[in-house]
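Data first, discussion second: the structure below is written as structure tokens.
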Amino acid sequence: MFPPFPQESARHYCNKLISLIEKGDVELKQCGRESLERKGQGLMIGALVCWETGCDGQEKSGRRVVLYAVSGNNKELKAAVSLEKLFTEKSIFVPSIVSSEKIEAALEENDFKIHQLTDQINKLTLVNKYSTERQTLITERTALTDASLRKVFSLYEFIRFDGKKISLNAIINRHNGHLPPTGTGDCCAPKLLSYAFAHGLEPVSMDEVYYGRDTAHKKNGTSYTPCDERCGYILPDILGLEILYRDSDLVIVNKPGGLLSVPGKGEEKQDCVETRLRKLFPEAPAQPAVHRLDMETSGILIMALNKKTHIAMNEEFASGLVHKKYIALLDGILRGKPEGHTELPFRLDTENRPHQIYDAENGKLGITEWKKVGVEKLSCSTTGEVKQVTRIEFSPLTGRTHQLRLAASCPVELGGLGLPIVGDSLYGHCENGQRLMLHAAEITFRHPTSGKEMHIVCNTDF
């Protein structure tokens with residue numbers, strides 16, 4: 001995954017800690033059972049550089065705090081002397097989220113039976129690896145290992161960007177029950193960020209450096225970004241945002257469906273991408289969004305980290321130099337030609353906000369190119385009903401409110417496609433628990449500082 005914060009400063013501290021380990025001033029203490037397959041393997045050394053905030057949570061004290069952690073749950077950092085003697089900055093060794101003792105206790109119930117089944121499977125493999133008996137034993141073992149994983153994962157709880165707690169079980173539910181790999185929650189990044197948010201620290205730099213013998217995938221002393229399979233699974237929930245790209249000028253995120261782009265009216269509508277971004281990057285402008293997505297739409301959203309970038313990106317959007325592609329599922333089978341474009345005049349229905357209506361006389365023109373990708377089956381998660389839908393690619397040439405939703409739902413005789421987007425509560429039908437199947441999947445623009453062409457892709461989850 002893309003590193004959520006700059007790495008350079010934290011990398012310096014990772015290397016400093018490794019130097020202290022090699023000198024013997026800091027020990028990598030074994031605090032749990034080490035499996036034979038992991039014996040002698042390396043681990044990640046992580047550092048998170050933070051600013052300490054004042055008592056009112058607003059003023060910076062000006063003091064730098066460096067948090068350190070190691071990957072896994074069976075090793076911990078232990079200094080030979082006080083940390084004040086080893087580091088010039090305030091430094092803290094962050095423990096594991098869950099101790100190795102608690103994890104071993106959670107695994108104990110099924111551990112013996114899993115090993116028994118593994119021995120039986122290995123014996124049958126030598127005879128006939130395709131036998132029905134072997135497949136039955138594999139299914140039984142998978143059920144037990146999943147049960148053990150769930151028991152372990154139920155122990156994990158993290159502190160989010162807003163100081164609130166979130167359990168790993170809640171994150172798993174957001175992933176539709178799909179279990180992450182073993183060891184999720186034991187990487188450096190979730191430990192460091194959870195500790196920082198729990199103690200009101202403002203992260204400014206984070207990095208991880210591999211320490212140990214070289215492997216096929218990692219080299220000693222090399223810096224690596226947070227892993228996709230474990231950190232990519234949980235960090236968006238801890239950070240409040242999935243960061244697709246970040247530099248000193250821009251942050252590009254994957255906005256989840258159901259989250260506002262900018263604050264609305266009322267306390268209950270203050271949680272949005274802008275608010276969450278400013279929690280992570282307090283120096284960002286008060287209104288960092290350079291464009292918007294509907295609350296129900298997911299996908300790519302660009303935020304500026306300074307006023308100069310915000311102005312430049314606004315000009316680029318206004319000049320039509322930004323090109324976007326969306327993926328949508330239409331409720332039914334789109335027949336006829338495989339591609340085309342719509343030109344629809346529409347305006348706000350002042351008596352039914354935020355609904356937009358077709359108005360050939362007073363409406364502003366929304367122009368959209370479209371291409372049919374294919375027809376597929378979609379199962380409703382609540383009713384179990386299976387229906388045929390059309391996957392379509394939209395390329396808006398203008399930026400009108402609800403433009404794509406109207407291009408899809410507007411009757412054919414008026415110039416639309418005549419099929420609303422699945423889950424569209426305004427212009428179609430939305431089942432209980434269903435989301436709008438519209439996702440901002442690609443964006444191309446010129447970087448406002450470097451002038452480099454940027455092409456960001458964010459795949460759909462439908």
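Which residue, of Cys55, Cys50, is modelled with pLDDT of 95 or more and farther than 20 Å from Leu28 by Cα?
After applying the criteria, what remains is Cys50.
One line per residue, one yes/no per condition, for (1) surrounded by fewer than 18 Cβ atoms within 10 Å (Cβ to Cβ); (2) assigned to a loop (DSSP other than H, G, I, E, B):
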| residue | (1), (2) |
| --- | --- |
| Trp51 | yes, no |
| Asn73 | no, yes |
| Glu76 | no, no |
| Glu101 | yes, no |
| Ala105 | yes, no |
| Glu109 | yes, no |
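Condition (residue is exposed (fewer than 15 other Cβ atoms within 10 Å of the Cβ), in the same structural domain as Leu149 (by TED's automatic domain parsing), not in a helix (DSSP H, G or I) and not polar (S, T, N, Q)) applied to region 112-121: is it met by at least one residue?
Scanning region 112-121, I find no residue that is exposed (fewer than 15 other Cβ atoms within 10 Å of the Cβ), in the same structural domain as Leu149 (by TED's automatic domain parsing), not in a helix (DSSP H, G or I) and not polar (S, T, N, Q), so the answer is no.
So the check is Cβ under 9 Å with 6+ separation or different chains; which pairs have a first residue in region 279-298 that's outside the structural domain of Ile327 (by TED's automatic domain parsing) and a second one that's buried (at least 19 other Cβ atoms within 10 Å of the Cβ)?
Nothing qualifies.
Taking only region 425-454 into account, find how many residues are under 24 Å from the mean Cα position of the chain (by Cα) and closer than 22 Å to Val389 by Cα.
Result for region 425-454: 10.
Does Arg405 satisfy the criteria of being under 26 Å from the mean Cα position of the chain (by Cα), of a type in the set (Lys, Arg), in a helix (DSSP H, G or I) and modelled with pLDDT of 95 or more?
So Arg405 fits the description; yes.
Tell me yes or no: at least one residue of region 319-340 is without any contact (Cβ under 8 Å) to a residue 60 or more places away in the chain, within 19 Å of Leu406 (Cα to Cα), in a strand (DSSP E or B) and assigned by TED's automatic domain parsing to the domain that holds Arg405.
yes
Please verify whether region 422-438 includes one or more residues that are of a type in the set (A, V, I, L, M, F, W, C), within 26 Å of Asn176 (Cα to Cα), out of contact with any strand residue (DSSP E or B) (no Cβ under 7 Å at 6 or more places or on another chain) and in a loop (DSSP other than H, G, I, E, B).
For region 422-438, residues of a type in the set (A, V, I, L, M, F, W, C), within 26 Å of Asn176 (Cα to Cα), out of contact with any strand residue (DSSP E or B) (no Cβ under 7 Å at 6 or more places or on another chain) and in a loop (DSSP other than H, G, I, E, B): present.
This table checks each residue for (1) more than 17 Å from Pro203 (Cβ to Cβ); (2) surrounded by fewer than 19 Cβ atoms within 10 Å (Cβ to Cβ); (3) touching a helix residue (DSSP H, G or I) at 6+ places or on another chain (Cβ under 9 Å).
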| site | (1), (2), (3) |
| --- | --- |
| Leu241 | no, no, yes |
| Arg246 | no, no, no |
| Glu268 | yes, yes, no |
| Arg278 | no, yes, no |
| Ala284 | no, no, yes |
| Ser298 | yes, no, no |
| Thr309 | yes, no, no |
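Out of the residues in region 147-179 that are among the hydrophobic types (A, V, I, L, M, F, W, C) and in a loop (DSSP other than H, G, I, E, B), which is surrounded by the fewest Cβ atoms within 10 Å (Cβ to Cβ)?
Looking at residues that are among the hydrophobic types (A, V, I, L, M, F, W, C) and in a loop (DSSP other than H, G, I, E, B), I get Leu179.
Hey, any hits in region 261-272 for a residue that's in contact with an Asp or Glu (Cβ under 6 Å, 6 or more places away or on another chain) and in a loop (DSSP other than H, G, I, E, B)?
Yes, region 261-272 has at least one match.
Check whether at least one residue in region 429-450 is without any contact (Cβ under 8 Å) to a residue 60 or more places away in the chain and either farther than 26 Å from Asn352 by Cβ or aromatic (Phe, Trp, Tyr) (or both), and report yes or no.
yes
Taking region 180-226 as the region of interest, how many residues are at pLDDT 95 or above, assigned to a loop (DSSP other than H, G, I, E, B) and hydrophobic (A, V, I, L, M, F, W, C)?
Total satisfying the criteria: 1.
Take Pro288 and tell me if it is more than 24 Å from His447 (Cα to Cα) and not hydroxyl-bearing (Ser, Thr, Tyr).
Judged against the criteria, Pro288 is not a match.
Can you confirm whether region 382-400 contains a residue that is modelled with pLDDT of 95 or more, surrounded by fewer than 18 Cβ atoms within 10 Å (Cβ to Cβ) and out of contact with any strand residue (DSSP E or B) (no Cβ under 8 Å at 6 or more places or on another chain)?
no
The values are calculated or read from the model by the stated rules, or taken from the named source; none is laboratory data. Quick caveat: nothing in here was measured; it's all calculated off a predicted structure. Positions of Cβ are generated from backbone atoms using ideal geometry, with glycine treated the same way; all protein chains shown enter the neighbour counts.
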